[in-house]
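The values are calculated or read from the model by the stated rules, or taken from the named source; none is laboratory data. Note that this is a predicted model, so its numbers are computed, not measured. Don't worry about glycine lacking a Cβ; one is built from the backbone with ideal geometry, like all the others, and counts go over all protein chains shown. Protein only, heavy atoms only, side chains kept; ligands, DNA and RNA dropped before computing areas. Shrake-Rupley method; radii C 1.70, N 1.55, O 1.52, S 1.80 Å.
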Amino acid sequence: MQIQESGEMYLETILRLSKEKSSVRAIDICEHMGYSKPSVSRAVGLLKNGGYIAVDEGGHITLTDEGRTIAEKIYERHTLLTNFLVALGVDEGTASDDACRLEHAISDISFDAVKRFVENLRK
């Protein structure tokens, strides 16, 4: 099943929140993303049905292996693209916003090329 951009955003958010908190709940996602409870509930249901997350009886959300793989891929893209744009002189807020859009649209081939370029710059 191909996951949509919005699903990737939710998975990345869950990953980010799980790095900050011991447990993640739907309300945390609402607050972080600025979305309504019904919107988040619908997305959580779709991600759960797709096998990307698990939700326990207490409403605690965890990433499945497949969900974590996608979330880490998107998070890596976001981080690298943000840092790359900042290194080019873009202010951090704009760089992060632009990286957020780019991370979903860029092909694996192009992202790998950017990643290699950045790694070569560090050498």
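Among the residues of the range 61-99, those identified as under 26 Å from L46 (Cβ atoms) and either in contact (Cβ under 8 Å) with a residue 40 or more places away in the chain or aromatic (F, W, Y) (or both) are I61, T62, L63, G67, R68, I70, A71, E72, I74, Y75, H78.
Here's the yes/no breakdown for (1) open to solvent by less than 60 Å² (accessible area, probe 1.4 Å); (2) in contact with a Pro (Cβ under 7 Å, 6 or more places away or on another chain); (3) not β-branched (V, I, T):
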site	(1), (2), (3)
L11	yes, no, yes
I14	yes, no, no
D28	yes, no, yes
R42	no, no, yes
T69	no, no, no
L80	yes, no, yes
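Out of the residues in the range 44-54 that are out of contact with any strand residue (DSSP E or B) (no Cβ under 8 Å at 6 or more places or on another chain) and open to solvent by less than 60 Å² (accessible area, probe 1.4 Å), which is nearest to E5 (Cα to Cα)? So, considering only residues that are out of contact with any strand residue (DSSP E or B) (no Cβ under 8 Å at 6 or more places or on another chain) and open to solvent by less than 60 Å² (accessible area, probe 1.4 Å), the one nearest to E5 (Cα to Cα) is G50.
If you check E57 against the conditions, is it over 22 Å from G7 (Cβ atoms), open to solvent by 80 Å² or more (accessible area, probe 1.4 Å) and touching a helix residue (DSSP H, G or I) at 6+ places or on another chain (Cβ under 6 Å)? Considered against the rule, which asks whether it is over 22 Å from G7 (Cβ atoms), open to solvent by 80 Å² or more (accessible area, probe 1.4 Å) and touching a helix residue (DSSP H, G or I) at 6+ places or on another chain (Cβ under 6 Å), E57 comes out as no.
Where helices (runs of 4 or more DSSP H) fall entirely within the range 20-110, those with at least 1 residues that are polar (S, T, N, Q) and closer than 30 Å to L121 by Cβ are at 65-87, 92-105.
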